[in-house]
Structure formats: C-alpha cells, structure tokens
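> Following this message is one structure expressed as structure tokens.
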There are 2 protein chains.
Amino acid sequence: MARISAASDKDGDLTRLGAAIRARRKSLMLSQEALADAAQIDRAHMGKIERGERNVTFLNVVRIAKALSCKPSEIAIDAGM
Amino acid sequence: MARISAASDKDGDLTRLGAAIRARRKSLMLSQEALADAAQIDRAHMGKIERGERNVTFLNVVRIAKALSCKPSEIAIDAGM
C-alpha cells in the first residue's frame, strides 16, 4: 500500500477523499470496521484512508464505493473533485 | 507502484479507467508521452495505466485529470463508474 507524507498531499486531495468516504459511511450508520470488512480492506488501513494518510489505490476506491452502495465518481464529486 | 494481475482486475475496472484516460487524451490530441510528462508520471507507467495493467493510485488519477483539464470524477463517469 502506498505510503504518503502530508507533503505529497499538499493540495489536500486525499484528505477530502477520506472525508467524503467517512461522511457517506456515517450517513449509512456503518462503523469504520464494518466498512473495512465489507470492502475487504484492512481495518487499520481504512482508518488511514479516511484520514487522508494513505494514497489509496483506484481498485480500493472501487471496493469502498461498492461497500457504500455508490459509484467512485459520486465519492469524488462529494470530495469536490 | 502497485502491480496487479489480470485476476485482481477481474471486473475490468482498471481497463475501463485506462480506456477513459486514453480517450480523453486523444480528444485533446496529446501523445501518451506528453500526458505522462504533464502529469509527472513515468512514461512506461502511464502506458500501463492506460492499458489497465497497474492499480493506479488516487493521487495519480488526480494528476492525470489535471493534465487533461478535467476532474477525477469526470474520468470515472466516462469509465461508467
């Protein structure tokens, strides 16, 4: 999994993406652990994705979107991207 | 960079994403090399991304979108995702 420093995400893109994922998860009343399990992503990694601390891969965005019953494009739009 | 086998992309998500990137690049009359340079992505890696042979990171999708003067969400929508 790609590790990034805050400097790599200087525009805050990962922070915004993670916040959009978190907001959709909460709107579905899902715990972070439940989302991680549904998306088949390691729980600790999911926490880092939501905090914008990891440069998530596209296939993991696809998995997360499926687990949130939405599309990757909808998460990106939520994130203003 | 994340290496993926064809099996990991069994739903063809990376193939569709790569095709959407290629179509936008061609509509702008950009060479693959010019896009890679504009996005600051290694040229060989860009070819693999367009062919769906690499699990591209979200920050690289952001860079590619910027180089194509569009948003990550627009590329995802083009890809049907």
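The values are calculated or read from the model by the stated rules, or taken from the named source; none is laboratory data. On a predicted model such as this, the values are computed, not experimentally measured, just so you know. Using ideal geometry, Cβ is built from the backbone for each residue, glycine included, and neighbour counts are taken over all protein chains shown.
> Looking only at region B:68-81, count every residue that is in a helix (DSSP H, G or I) and not aliphatic (A, V, I, L, M) and tell me the total.
4
Yes/no matrix, rows are residues, columns are (1) under 11 Å from the mean Cα position of the chain (by Cα); (2) of a type in the set (Lys, Arg); (3) more than 24 Å from residue B:11 (Cβ to Cβ); (4) at pLDDT 95 or above:
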{"site": "A:17", "(1), (2), (3), (4)": "yes, no, no, yes"}
{"site": "A:29", "(1), (2), (3), (4)": "no, no, yes, yes"}
{"site": "A:40", "(1), (2), (3), (4)": "no, no, no, yes"}
{"site": "A:51", "(1), (2), (3), (4)": "yes, yes, yes, yes"}
{"site": "A:63", "(1), (2), (3), (4)": "yes, yes, no, yes"}
{"site": "A:71", "(1), (2), (3), (4)": "no, yes, no, yes"}
{"site": "A:80", "(1), (2), (3), (4)": "no, no, yes, yes"}
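> Can you tell me which of A:39, A:76 is facing another protein chain (nearest Cβ under 8 Å), among the hydrophobic types (A, V, I, L, M, F, W, C) and touching a helix residue (DSSP H, G or I) at 6+ places or on another chain (Cβ under 7 Å)?
Residue meeting the stated conditions: A:76.
> With respect to the numbered conditions (1) in a helix (DSSP H, G or I); (2) over 15 Å from residue A:56 (Cβ atoms), which one is the sole condition not fulfilled by residue B:14?
(2)
> Can you name the residue in region B:1-11 that is surrounded by fewer than 13 Cβ atoms within 10 Å (Cβ to Cβ) and of a type outside the set (Lys, Arg) and is also modelled with the highest pLDDT among such residues?
We begin by selecting, within region B:1-11, every residue surrounded by fewer than 13 Cβ atoms within 10 Å (Cβ to Cβ); these are B:3, B:5-7, B:10-11.
Of the ones still in play, those that are also of a type outside the set (Lys, Arg) are B:5-7, B:11.
Numbers: B:5: 55, B:6: 49, B:7: 53, B:11: 86.
Across region B:1-11, the extreme among qualifying residues is B:11.
> Could you tell me whether any residue of region A:44-67 is exposed (fewer than 14 other Cβ atoms within 10 Å of the Cβ), away from chain B (no Cβ under 13 Å) and either of a type in the set (Phe, Trp, Tyr) or not in a loop (DSSP other than H, G, I, E, B) (or both)?
There is at least one residue in region A:44-67 that is exposed (fewer than 14 other Cβ atoms within 10 Å of the Cβ), away from chain B (no Cβ under 13 Å) and either of a type in the set (Phe, Trp, Tyr) or not in a loop (DSSP other than H, G, I, E, B) (or both).
> A further question on this structure: Would you tally the residues in region B:22-36 being part of a helix (DSSP H, G or I) and either over 26 Å from residue A:63 (Cβ atoms) or within 11 Å of chain A (Cβ to nearest Cβ) (or both)?
8
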